[in-house]
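Worksheet: one structure, shown below.
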Amino acid sequence: MSEHFDAAWLALREPVDHAARPGSLVEALCSHWTAAGMGGRRRVVDLGSGTGSNLRYLAPRLARCGEQDWTLVDHDEGLLAQGCAPCAGVVVQLAQADLAAGERVVPRGCDLVTGSALLDLVSRAWLEDLLEGCRAAGAAVLFALSYDGQVHWSDPDPEDSRVLDAVNRHQRGDKGWGAALGPDATTACVQGLQTRGYRVSQAASPWTIDHRRAALGQELVRGWVEAALAVEPERATRLRAWGERRIRALRAGQVTVTVGHQDVLGLPGG
Ligand SMILES: C[S@@+](CC[C@H](N)C(=O)[O-])C[C@H]1O[C@@H](n2cnc3c(N)ncnc32)[C@H](O)[C@@H]1O
């Protein structure tokens, strides 16, 4: 069963995603392109693009490396339709496709294959196929904001670790691509890139959510309760009570939650 994402949820997370991303990986990509003396336009493919958050983050920051042709790929036509060029020198094409269906998604001559908040949904086999396509094309790889399974509350609750364990088990369920990598996504990506001779950098991109981001925190906690319920339906009362306590405390400014994500950059050519 494919995952569908609400545009309102993606809009809520976008500023927090952008604030969390480490600039160092984009800098390293630009330096690589500059050192390689690559002329012409940069061809970028953004997988699972949603409405284009990754485009809006990356394109302005890559502008000093040249003009860019982006292809946004997503199976959700409604989300995709919101993708448009965020700055001058960028041309955007939209491609509706089910990435899990096994079609080739890395065109020859592609300079960068990227995605944000995607890798934890995919299977190991799909990731391996994708990275093989990237290697064959000689494309750089940049995957941002893969959930790493680490959640820390500033003020612990006795239920936190049990909920997190259930959420992380749910993360590994099938999201339409076979068993999902979930919290193992970054490790699998790093290993897959290194095996193929890429130079790999990894940097943390954690969310920090306090009362100023209570709307995001509330949706996140609700999602966690739903995920934990799917794994442990017999604990419904305790899980719902935990969710209510956490949302109340977040809104009241009594607690902060940090959600771990990782970004990975792979540069081709050893
Ligand atoms: C967590 S959202 C991230 C969206 C966007 N990259 C962002 O950072 O806001 C995951 C995206 O993957 C897309 N997706 C999920 N399964 C897919 C599939 N089988 N084929 C194509 N896109 C898919 C969803 O529609 C959604 O836009």
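The values are calculated or read from the model by the stated rules, or taken from the named source; none is laboratory data. Since the structure is predicted, the reported quantities are computational estimates derived from the model, not experimental observations. Please note: Cβ atoms are built from the backbone with ideal geometry, for glycine as well, and neighbour counts cover all protein chains shown.
Structural remarks
- Exclusive hit being more than 16 Å from the ligand (Cβ to nearest atom) and out of contact with any His (no Cβ under 8 Å at 6 or more places or on another chain), set 29, 25: 29
- Against the test of being closer than 30 Å to residue 175 by Cα, among the aliphatic types (A, V, I, L, M) and more than 10 Å from the ligand (Cβ to nearest atom), the options 79, 94 yield a single qualifying residue, 94.
- All of (1) over 22 Å from residue 193 (Cα atoms); (2) within 15 Å of the ligand (Cβ to nearest atom); (3) surrounded by fewer than 17 Cβ atoms within 10 Å (Cβ to Cβ); (4) more than 16 Å from the chain's Cα centre (by Cα) hold for residue 85 with one exception: (2).
- Screening the candidates 61, 41, 56 for the property of being basic (Lys, Arg), within 19 Å of the chain's Cα centre (by Cα) and away from the ligand (no atom under 14 Å from the Cβ) yields one hit, 61.
- Considering 120, 76, 111, the condition of being of a type in the set (D, E, K, R), touching a residue at least 12 places away in the same chain (Cβ under 8 Å) and touching a Ser or Thr at 6+ places or on another chain (Cβ under 8 Å) is satisfied by 120 alone.
- Unmet criterion (only one of (1) touching a residue at least 60 places away in the same chain (Cβ under 8 Å); (2) away from the ligand (no atom under 16 Å from the Cβ)) for residue 161: (1)
- Enumeration of residues in the stretch 98-117 that are within 9 Å of the ligand (Cβ to nearest atom) and over 18 Å from the mean Cα position of the chain (by Cα): 101
- Beta carbons closer than 6 Å, at least 6 apart along the sequence or on distinct chains, pair a first residue in the stretch 189-215 that is farther than 15 Å from residue 144 by Cα with a second that is at pLDDT below 95 for 197/270.
- Of everything listed in (1) over 28 Å from residue 269 (Cβ atoms); (2) surrounded by fewer than 18 Cβ atoms within 10 Å (Cβ to Cβ); (3) of a type outside the set (Val, Ile, Thr), the single unmet condition for residue 171 is (2).
- Residue check: residue 5 meets all listed conditions (1) of a type outside the set (A, V, I, L, M); (2) in contact (Cβ under 8 Å) with a residue 60 or more places away in the chain; (3) over 30 Å from residue 218 (Cα atoms) but one, namely (3).
- On inspection, residue 219 passes the criterion of being closer than 20 Å to residue 164 by Cα and in contact (Cβ under 8 Å) with a residue 60 or more places away in the chain.
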